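A.B. asks: Mind looking over this structure? Questions follow.
The values are calculated or read from the model by the stated rules, or taken from the named source; none is laboratory data. Values in this document were obtained by computation on a predicted structure and should not be read as measured data. Cβ placement follows ideal geometry from the backbone for every residue including glycine, while neighbour counts extend to all protein chains displayed. Ligands, DNA and RNA are stripped out before the accessible areas are found, and what is left, the full protein with its side chains, is counted by its heavy atoms. Shrake-Rupley method; radii C 1.70, N 1.55, O 1.52, S 1.80 Å.
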Amino acid sequence: MSQATLFYVANLLVYGGVDAIACLGLSMQFGVAGVSNFGFIVFQAAGAYTAAVLALPRDTANGGFQSYVGGLGLPFPLPWVGSALVGGLIAVPFAILVGRRLTGHVAAIGLLVTAVMANLLVTNFVPFLNGAAGVSVVPQPLQNQANPNGAPYQLGYGIAALLIALAAYLLCRRITESPYGRSLRAMRDNGPVADALGKNLLSLRTAMLVLGGALAGLSGGILVGFITLWSPAAWGYAETIVLFAAVIIGGLGNHKGAVLGALLVPLGFEEATRFIPSSFGTPGLIPALQWVAIGLLIVGFLWFRPQGVIPEPRRRILSRAVATAGGGGGAALLAARPARGAAPPPAGTATPGPGAPAPILATEAIVCSFDGVRAVDGVSIAVQRGGLTGLIGPNGAGKSTLLSILAGTLAPTEGRITYEGRDITDLPAYRRARQGLVRTFQLASEFKRLTVMENLLAAVPDQRGDSFRGAVRGRRYWRRDEALAVEEARGILADFGLEAEGDSYAGDLSGGQRRLVEIMRALMARPSLLLLDEPMAGVHPTLARRIGRRLQSLCAGGLTILLVEHELAFMDEFCDPVIVMAEGRVLDQGTMAALREKAAVVEAYLVG
Ligand code: ADP
Ligand code: MG
C-alpha cells in the first residue's frame, strides 16, 4: 500500500470508529429507550472540547493566540477519560430538567433548542472556548513517544478507535439483551404502561442520557485527538440529524444497524462526494447536496423500510426455554411466590376491630376535574381484601379516570387514597406498582415491539438483571432469576391458552388476545391489589368465564381485584360487591342481585 492509501485507510478507521461510538450512544437512547435527544451532538462537542482543553497547555502558551478555559496539559489517556466523564455528567442536569418537567416530543424540542443555544454561546463567548475560530493545535495522544504524522501512528489511532467502538458495541449489546434492556424497550413502546408496572421512567431515561452522553463525549475526545482542532462549525444542530439518519437507516433497536448506519451515512457521504471534482457546480453545492441526500434517505427509509437495513431482532425466549428446559411447573411457581405488597401498616394507624377488617384500599372524596368538568366527583369507596369487587356504570361515568387515580397514573384534584393503611395520594405510579398496586388499561397497551413472553417478563419485579448495574454484570449474574421468570410466564401462558403465541409480537395479536396479554402481564407483576379496566372486552364469553374462575381462585389465594366490566353477566357470576358509578359519583353498592332491584341503578344504565 502506498503511503497515501495508508493515511486514507487510517482516516476511514478513525472516522468509522468515532461515528460508530456516537451512533451506539444514540442507538441506546433512541432505538432502545425511545428517548429523542435532538441535542445529541452537544455531548460529542462537550467531549471534544474537554479532551482538547485537558490536553492543551495554558492558553498563554503558544504566544497566547487562542483563549480557552482549562489548559491542564494532561497526558494521554486522561483527556479521553475526561471526555467520557464530562459527556456523561452534563447529561445529568439535562435529564433532571428535561426528563422531569418535559417528556416525549416536547423534551426533544427542548434538547434541540439547548443544542442551538450551546452552540451560540460557545461561538459568541470567546474566552470560554475561543469562539467561532475554535481550539486548535490540540496535542495528540502520545505525540512525544511517536510521530503523529507517520503511517504507523495514524493506523494505530484508527485501530484504537475501532477497538473502542467494539467495546462500546459489546457493552450496549449486553445492556440491551438484559432484563434492564427489556425495561428500556418497554418504556420506549409505552411509557405510562411501563410506569404502571413499576418502572422508574426518570431513572431509566437518566441512565440512557448519561450512557449516551458518555459515549458521545468519548467519540468527540477521540476525534479531536486525531484532527487536533474543534470549533462550533463541527457541531451544528444539524449534525445530530446525520447521526439520527444513521441510526434510523441502519435499523432502530439494533446495535449492528447503528454501526452499519454509522459507516453508511456520515462516513459514506463524506466519501461519496470526495470524488466529485470540487469545481463542480457553484461553491457550496456539494455540501448542500449531502444534506439533500441525507434528507431524502431518511424520508425514503421511513416510507419504504421503517425498520431499517438490519431490523430489530425478535427475541424468541419461549422456544429457547422449551428447548432447554422441557416440563412445565410455572403455575406451581406462581402459587408459591408471595404477592409483593407494602410492609405491614405502621402501628397506630388503622387498627381494625375484629368485626371490621381494614380495607386494602380506601378513597376519601376523590375529585378529578378536566377543565372544570368533574369526571370524578367526590368518590369515597373501600375495597375489601381478598375479594373480586366490580365497578359498573355507563360510558363516561368516570370509572377509568378513577382507576387511573388509584394507580397513580393521574393525580386527583382533591381527596386522599389509603392503601394497606398508608396514605399513597402523592406516591408516583411506579412506586405504587412496586407495593403491589397494579393496573391494566382500558385501551390496548401491550408493548407492541416486545413479544408476548417479553411483555410478561417485563412486569416481573425485583429481577437481578433489571438494573443498570445488574445488566452490566452480565448474563451469568441474572440468568437464574430470568429462568425462573420464564417458567412462571410459561405457566401463565398455558393457563390463558396463549402458549403458541409466546414468541409472537404482542402488537400482532388479535384484540381479544391482547386483552389477555394485559391481564397476564399484570399478574406477572405479583400484585396484591389488581385494578382491571374492562379486561374482557373482545374476549370470547367462554374464555371470559374461564378467566373469571381463574381470577376468583387467585382471590381465594389472597389477591384482591377491583374490576370494571360492561358485561353484567360477568358481574352476576363473579363480583361481589359491585359499585355503581354515574356522572362521576358513586350511586350505589351491593350484590348484583340487590342492585337489580333498585330503580336508580337500572335507570342510570338505561339513560347512560
Ligand atoms: P368511563 O371509564 O366510566 O367510561 P372515563 O373515566 O373514561 O369514563 O371518563 C369520564 C369523563 O371524563 C368523560 O366525560 C371523559 O370525556 C372525561 N375525560 C376522561 N379523561 C379525560 C382527559 N384526559 N381530558 C379531558 N376529559 C377527560
Ligand atoms: Mg372507561
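A.B. asks: Scanning for something modelled with pLDDT of 90 or more, away from ligand 1 (no atom under 16 Å from the Cβ) and either under 37 Å from the mean Cα position of the chain (by Cα) or in the same structural domain as Ser400 (by TED's automatic domain parsing) (or both), does the range 344-352 turn up at least one residue?
C.D. replies: The answer is no, given that none of the residues of the range 344-352 is modelled with pLDDT of 90 or more, away from ligand 1 (no atom under 16 Å from the Cβ) and either under 37 Å from the mean Cα position of the chain (by Cα) or in the same structural domain as Ser400 (by TED's automatic domain parsing) (or both).
A.B. asks: Restricting the first residue to the range 395-410 and requiring it to be within 17 Å of Leu427 (Cβ to Cβ) and aliphatic (A, V, I, L, M), which pairs with a second residue that is open to solvent by 10 Å² or more (accessible area, probe 1.4 Å) and near ligand 2 (Cβ under 8 Å from one of its atoms) meet a Cβ separation below 6 Å and a spacing of at least six or different chains?
C.D. replies: That search, which allows pairs on different chains as well, returns nothing.
A.B. asks: Does the range 523-539 contain any residue that is over 27 Å from Gly408 (Cα atoms) and open to solvent by 60 Å² or more (accessible area, probe 1.4 Å)?
C.D. replies: No, the range 523-539 has no match at all.
A.B. asks: Let me ask something else about it. Within the range 184-207, can one find any residue that is in a loop (DSSP other than H, G, I, E, B), open to solvent by 30 Å² or more (accessible area, probe 1.4 Å) and over 19 Å from Asn254 (Cα atoms)? Give the steps one after another, and end with the answer.
C.D. replies: Within the range 184-207, the first condition is being in a loop (DSSP other than H, G, I, E, B), and the residues that meet it are 190, 197-200.
Filter once more, keeping what is open to solvent by 30 Å² or more (accessible area, probe 1.4 Å): 190, 200.
In the following step, the residues that additionally are over 19 Å from Asn254 (Cα atoms) were identified as 200.
Yes, the range 184-207 contains at least one residue that is in a loop (DSSP other than H, G, I, E, B), open to solvent by 30 Å² or more (accessible area, probe 1.4 Å) and over 19 Å from Asn254 (Cα atoms).
A.B. asks: Right, something else. Sort out which residues of the range 120-135 are open to solvent by 30 Å² or more (accessible area, probe 1.4 Å) and not β-branched (Val, Ile, Thr), and write them in order of number. Steps first, answer last, please.
C.D. replies: Step one: list which residues in the range 120-135 are open to solvent by 30 Å² or more (accessible area, probe 1.4 Å), which gives 120-121, 123-128, 132-133.
Scanning the range 120-135 gives Leu120, Leu121, Asn124, Phe125, Pro127, Phe128, Ala132, Ala133.
A.B. asks: Is there a residue in the range 208-222 that is within 24 Å of Pro93 (Cβ to Cβ) and either touching a strand residue (DSSP E or B) at 6+ places or on another chain (Cβ under 7 Å) or of a type in the set (D, E, K, R) (or both)?
C.D. replies: We begin by selecting, within the range 208-222, every residue within 24 Å of Pro93 (Cβ to Cβ); these are 208-221.
From what's left, either touching a strand residue (DSSP E or B) at 6+ places or on another chain (Cβ under 7 Å) or of a type in the set (D, E, K, R) (or both): none.
Looking for residues that are within 24 Å of Pro93 (Cβ to Cβ) and either touching a strand residue (DSSP E or B) at 6+ places or on another chain (Cβ under 7 Å) or of a type in the set (D, E, K, R) (or both), one finds none in the range 208-222, hence no.
A.B. asks: Turning to a different aspect of this structure: Please determine, by comparing only the residues of the range 88-116 that are surrounded by 15 or more Cβ atoms within 10 Å (Cβ to Cβ) and in a loop (DSSP other than H, G, I, E, B), which one is modelled with the lowest pLDDT.
C.D. replies: Thr103
A.B. asks: Something else: For the subset of the range 435-469 comprising residues that are of a type in the set (Phe, Trp, Tyr) and part of a loop (DSSP other than H, G, I, E, B), which member is nearest to Pro535 (Cα to Cα)?
C.D. replies: Selected residue: Phe441.
A.B. asks: List pairs: first in the range 239-264 and within 18 Å of Ala168 (Cβ to Cβ), second charged (D, E, K, R) and surrounded by fewer than 24 Cβ atoms within 10 Å (Cβ to Cβ), Cβ under 6 Å, 6+ apart or cross-chain?
C.D. replies: What qualifies is Gly253/Glu312; Asn254/Glu312; His255/Arg173.
A.B. asks: Kindly provide the set of residues from the range 566-588 that are assigned to a strand (DSSP E or B), more than 15 Å from ligand 2 (Cβ to nearest atom) and buried (at least 18 other Cβ atoms within 10 Å of the Cβ), ordered by number.
C.D. replies: Across the range 566-588, the qualifying residues are Val578, Val586, Leu587.
A.B. asks: Checking Thr60 against (1) in contact (Cβ under 8 Å) with a residue 24 or more places away in the chain; (2) more than 21 Å from Gly31 (Cα to Cα), only one condition comes out false. Which one?
C.D. replies: Among (1) in contact (Cβ under 8 Å) with a residue 24 or more places away in the chain; (2) more than 21 Å from Gly31 (Cα to Cα), Thr60 violates only (1).
A.B. asks: So, in the range 396-430, exactly how many residues are more than 13 Å from ligand 2 (Cβ to nearest atom) and at positive phi?
C.D. replies: 4
A.B. asks: Something else now. I'd like the full set of residues that are in contact with a strand residue (DSSP E or B) (Cβ under 6 Å, 6 or more places away or on another chain) and surrounded by fewer than 24 Cβ atoms within 10 Å (Cβ to Cβ), limited to the range 223-262.
C.D. replies: Here is the first cut: in the range 223-262, the residues in contact with a strand residue (DSSP E or B) (Cβ under 6 Å, 6 or more places away or on another chain) are 224, 230.
Listed by number, the list is empty, since nothing qualifies.
A.B. asks: If you go through the range 397-418 one residue at a time, how many are under 29 Å from the mean Cα position of the chain (by Cα) and either under 14 Å from Arg432 (Cβ atoms) or near ligand 1 (Cβ under 8 Å from one of its atoms) (or both)?
C.D. replies: Within the range 397-418, the subset under 29 Å from the mean Cα position of the chain (by Cα) is 399-413, 417.
Still in the list and also either under 14 Å from Arg432 (Cβ atoms) or near ligand 1 (Cβ under 8 Å from one of its atoms) (or both): 399-412, 417.
Of the residues in the range 397-418, 15 are under 29 Å from the mean Cα position of the chain (by Cα) and either under 14 Å from Arg432 (Cβ atoms) or near ligand 1 (Cβ under 8 Å from one of its atoms) (or both).
A.B. asks: On to the next question. Determine whether Met28 is of a type in the set (A, V, I, L, M) and touching a His at 6+ places or on another chain (Cβ under 9 Å).
C.D. replies: In short, yes.
A.B. asks: Kindly indicate the residue of the range 38-67 that is aromatic (Phe, Trp, Tyr) and part of a loop (DSSP other than H, G, I, E, B) and also modelled with the highest pLDDT among those meeting that condition. Spell out how you get there, then give the answer.
C.D. replies: The first filter runs over the range 38-67 and keeps only residues aromatic (Phe, Trp, Tyr), leaving 38, 40, 43, 49, 65.
Now narrow it down to the ones that are part of a loop (DSSP other than H, G, I, E, B): 38, 65.
Working: Phe38: 92, Phe65: 89.
By that ranking, first place goes to Phe38.
A.B. asks: With the structure loaded, tell me whether Gly558 is surrounded by fewer than 21 Cβ atoms within 10 Å (Cβ to Cβ), out of contact with any Lys or Arg (no Cβ under 7 Å at 6 or more places or on another chain) and in a loop (DSSP other than H, G, I, E, B) or whether it fails that test.
C.D. replies: Against the criterion (surrounded by fewer than 21 Cβ atoms within 10 Å (Cβ to Cβ), out of contact with any Lys or Arg (no Cβ under 7 Å at 6 or more places or on another chain) and in a loop (DSSP other than H, G, I, E, B)), Gly558 qualifies.
A quick yes/no check of all residues on (1) over 30 Å from Gly191 (Cα atoms); (2) not small (Gly, Ala, Ser):
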{"position": "Tyr8", "(1), (2)": "yes, yes"}
{"position": "Asn37", "(1), (2)": "no, yes"}
{"position": "Ala46", "(1), (2)": "no, no"}
{"position": "Phe65", "(1), (2)": "yes, yes"}
{"position": "Pro75", "(1), (2)": "yes, yes"}
{"position": "Pro79", "(1), (2)": "yes, yes"}
{"position": "Ala91", "(1), (2)": "no, no"}
{"position": "Phe94", "(1), (2)": "no, yes"}
{"position": "Arg101", "(1), (2)": "no, yes"}
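A.B. asks: Then there's this: Within the range 18-37, which residues are in a helix (DSSP H, G or I) and open to solvent by 10 Å² or more (accessible area, probe 1.4 Å)?
C.D. replies: Passing the criteria: Asp19, Phe30.
A.B. asks: On the basis of being within 13 Å of ligand 2 (Cβ to nearest atom) and on the phi > 0 side of the Ramachandran plot, does Gly393 make the cut?
C.D. replies: So Gly393 fits the description; yes.
A.B. asks: Give me the pairs, please: first residue somewhere in the range 133-162 and of a type in the set (Phe, Trp, Tyr), second residue anywhere and open to solvent by 50 Å² or more (accessible area, probe 1.4 Å), beta-carbon distance under 9 Å, and either six or more positions apart or on two chains.
C.D. replies: Close Cβ pairs satisfying both conditions: Tyr153/Leu142; Tyr153/Gln143; Tyr153/Asn147.
A.B. asks: Among residues belonging to the range 490-509 that are assigned to a helix (DSSP H, G or I) and not hydrophobic (A, V, I, L, M, F, W, C), point out the one that is nearest to Leu543 (Cα to Cα).
C.D. replies: Looking at the filtered set, the residue picked out is Asp495.
A.B. asks: Would you please list the contacts, defined by Cβ atoms under 6 Å and residues six or more apart or on different chains, that run from a residue in the range 114-127 that is closer than 15 Å to Ile41 by Cα to a residue that is among the hydroxyl-bearing types (Ser, Thr, Tyr) and open to solvent by 100 Å² or more (accessible area, probe 1.4 Å)?
C.D. replies: Ala115/Tyr237; Val116/Tyr237
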